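S.K.: Before I ask anything, let me first share the structure, which is written out below as structure tokens.
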Amino acid sequence: MNDETAIVRGVGLLLLLCVLGGAILFATRKSDVEDVPSVTSETTLYEVPATFDLRYYPYYGTLSSGAQDVYAKAYAAASAHETEFEVSASVGDCKAGCEAMFMDHPEFFWLSSSYTYSFVEGTDEVTSVVLETYDFAATEAGLSKALADFNSAANEVLSSCPSNGSVFDKEVAIHDALNSSVTYASSAEYGQSAYSALVCGTSVCAGYSKAFQYLMQQEEIPCYYVTGTAIGFEGDSAAHAWNIVKIGNAYCNIDVSWDDTIGEVFGQAEYPFFNVTDADFEATHSRSSESSLLAACTDSSYMYSNVNGGTITVGDIVIEDGVVTIMGN
């Protein structure tokens, strides 16, 4: 480092707590955008994509042009299994671009979502960024093994999806296969990555949500990572993460880790938090200001209990003063 350059370490908002599940947050922004514009970026060290499909990567669409450039270059570096890239951006654009890329792309499971950036001292100009990786990806051989293990585990889950099934059918299959193979553990190693859920078999809600997002994306189903807070068993509000799925023109909340927790209590698959509305979540879940820009979830047509019946519903669950009651049980 020369005397004109400083290095700063950045991290996403880290937050981990078991309410009915746990969470990690990277605060970014998203809007509900239907059109997919063509956005160009200059190529630096890597071949930078010219476009990102906002149906699947919506956080990109909320960024300034400078932050979009950082996002695209971070994506290009990660796609090439590299960690360092050069930019010319403000500190704010650097942070927004990196964190939005982490939110949109769970496939880069080896990135810890921490990063360092170098900037010209006395200015707001960032000149380079280094993305940090988990220890299992510290070597080329380690990353290769992790990729093989991750792809194998993901393919096993995806093999449960009916090839000619509806979006709802595939969503149920992924939900069930994931929850049958993952156990919630607040001390889960790599719990902030989809790797923890798919490969290690233990995770917190961040890992559940990232894994679910990745698997749904593989089926070409729009699925977003949502951050916020939730009121859990202890009656307090804590950081949490879940997903939103788009089915046709409907947007639906789904909390896979909470379904898993309720299912473990009853010893069978349950779906109380499967495709529920914002109104259903009002008493327990609150979106962050960033995720509040996501589409509103107002359509209950695809709620599991409305399609298939035979499950505890979100309306059956009451959490008050730290006591969780299942009505009628």
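S.K.: When you scan region 262-281, how many residues do you find that are part of a helix (DSSP H, G or I) and of a type in the set (S, T, N, Q)?
M.R.: Initially, region 262-281 is screened for residues part of a helix (DSSP H, G or I), giving 262-266, 278-281.
Now restrict to residues that are of a type in the set (S, T, N, Q): none.
Total satisfying the criteria: 0.
S.K.: Inside region 81-94, can you point out the residues that are surrounded by fewer than 22 Cβ atoms within 10 Å (Cβ to Cβ) and closer than 29 Å to GLU140 by Cα? Full working, then the answer.
M.R.: Let us first name the residues in region 81-94 that are surrounded by fewer than 22 Cβ atoms within 10 Å (Cβ to Cβ), namely 81-84, 86, 88, 90-92.
If the condition is that a residue be surrounded by fewer than 22 Cβ atoms within 10 Å (Cβ to Cβ) and closer than 29 Å to GLU140 by Cα, then HIS81, GLU82, THR83, GLU84, GLU86, SER88 are the ones that fit.
S.K.: When you scan region 188-210, how many residues do you find that are surrounded by fewer than 24 Cβ atoms within 10 Å (Cβ to Cβ), out of contact with any Asp or Glu (no Cβ under 8 Å at 6 or more places or on another chain) and closer than 16 Å to THR261 by Cβ?
M.R.: Total meeting the criteria: 2.
S.K.: Name every residue in region 233-261 that is in a loop (DSSP other than H, G, I, E, B), under 21 Å from SER300 (Cα atoms) and either in contact with a strand residue (DSSP E or B) (Cβ under 7 Å, 6 or more places away or on another chain) or of a type in the set (Gly, Ala, Ser) (or both), in order of residue number. Give the derivation first.
M.R.: Residues of region 233-261 that are in a loop (DSSP other than H, G, I, E, B), as a first pass: 233-236, 248-249, 255.
Filter again for under 21 Å from SER300 (Cα atoms), leaving 248-249, 255.
Correct list: GLY248, ASP255.
S.K.: From the list ALA206, ALA197, ALA188, ALA177, pick out the single residue that is touching a Lys or Arg at 6+ places or on another chain (Cβ under 9 Å) and over 13 Å from PHE274 (Cβ atoms).
M.R.: On the way: ALA206 fails: touching a Lys or Arg at 6+ places or on another chain (Cβ under 9 Å); ALA188 fails: touching a Lys or Arg at 6+ places or on another chain (Cβ under 9 Å); ALA177 fails: touching a Lys or Arg at 6+ places or on another chain (Cβ under 9 Å).
Checking each option against the conditions leaves just ALA197.
S.K.: Follow-up question, since we're still on this one. Within region 99-138, restricting attention to residues that are closer than 23 Å to ILE221 by Cα and of a type in the set (D, E, K, R), which residue is surrounded by the most Cβ atoms within 10 Å (Cβ to Cβ)?
M.R.: Ranking the candidates gives GLU99 first.
S.K.: While we're here: Does region 140-148 contain at least one residue that is modelled with pLDDT of 95 or more, in the same structural domain as SER305 (by TED's automatic domain parsing) and within 18 Å of the chain's Cα centre (by Cα)?
M.R.: There is no residue in region 140-148 that is modelled with pLDDT of 95 or more, in the same structural domain as SER305 (by TED's automatic domain parsing) and within 18 Å of the chain's Cα centre (by Cα).
S.K.: Something else about it: For region 66-80, which residues satisfy the criterion of being of a type in the set (Gly, Ala, Ser) and surrounded by 23 or more Cβ atoms within 10 Å (Cβ to Cβ)? Show your work before the answer.
M.R.: First, the residues of region 66-80 that are of a type in the set (Gly, Ala, Ser): 66-67, 72, 74, 76-80.
Matches in region 66-80: ALA67, ALA72, ALA74, ALA77.
S.K.: Turning to a different aspect of this structure: Can you pull out the residues in region 287-305 that are farther than 11 Å from PRO272 by Cα, in a helix (DSSP H, G or I) and polar (S, T, N, Q)?
M.R.: SER291, SER292
S.K.: Between GLN217, GLN213, which is part of a helix (DSSP H, G or I), surrounded by fewer than 24 Cβ atoms within 10 Å (Cβ to Cβ) and under 16 Å from the mean Cα position of the chain (by Cα)? Walk me through it before giving the result.
M.R.: Numbers: GLN213 fails: surrounded by fewer than 24 Cβ atoms within 10 Å (Cβ to Cβ).
After ruling out the rest, the residue left standing is GLN217.
S.K.: Shifting gears a bit: Is it fair to say ALA230 is touching an Asp or Glu at 6+ places or on another chain (Cβ under 9 Å) and modelled with pLDDT under 95? So that I can check it myself, show each step before the final result.
M.R.: Values: touching an Asp or Glu at 6+ places or on another chain (Cβ under 9 Å): yes; modelled with pLDDT under 95: yes.
Yes.
S.K.: Looking at ASN243, is it of a type in the set (S, T, N, Q) and closer than 24 Å to VAL182 by Cα?
M.R.: Values: of a type in the set (S, T, N, Q): yes; closer than 24 Å to VAL182 by Cα: yes.
It is true that ASN243 is of a type in the set (S, T, N, Q) and closer than 24 Å to VAL182 by Cα.
Here is a yes/no grid of residues against (1) touching a residue at least 40 places away in the same chain (Cβ under 8 Å); (2) farther than 18 Å from VAL167 by Cβ; (3) of a type in the set (Lys, Arg):
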position	(1), (2), (3)
TYR224	yes, no, no
ALA238	yes, yes, no
ALA250	yes, no, no
SER257	yes, yes, no
THR261	yes, yes, no
ALA269	yes, yes, no
ASP278	no, yes, no
GLU282	no, yes, no
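S.K.: Let me ask something additional. Can you name the condition, by its number, that ALA194 falls short on among (1) modelled with pLDDT under 95; (2) within 22 Å of TYR224 (Cα to Cα)?
M.R.: Answer for ALA194: the failing condition is (1).
S.K.: How many residues does region 255-296 hold that are closer than 21 Å to GLY235 by Cβ, surrounded by fewer than 22 Cβ atoms within 10 Å (Cβ to Cβ) and acidic (Asp, Glu)?
M.R.: Going through region 255-296 one residue at a time, the tally reaches 3.
The values are calculated or read from the model by the stated rules, or taken from the named source; none is laboratory data. Computed from a predicted structure; not experimentally measured. Using ideal geometry, Cβ is built from the backbone for each residue, glycine included, and neighbour counts are taken over all protein chains shown.
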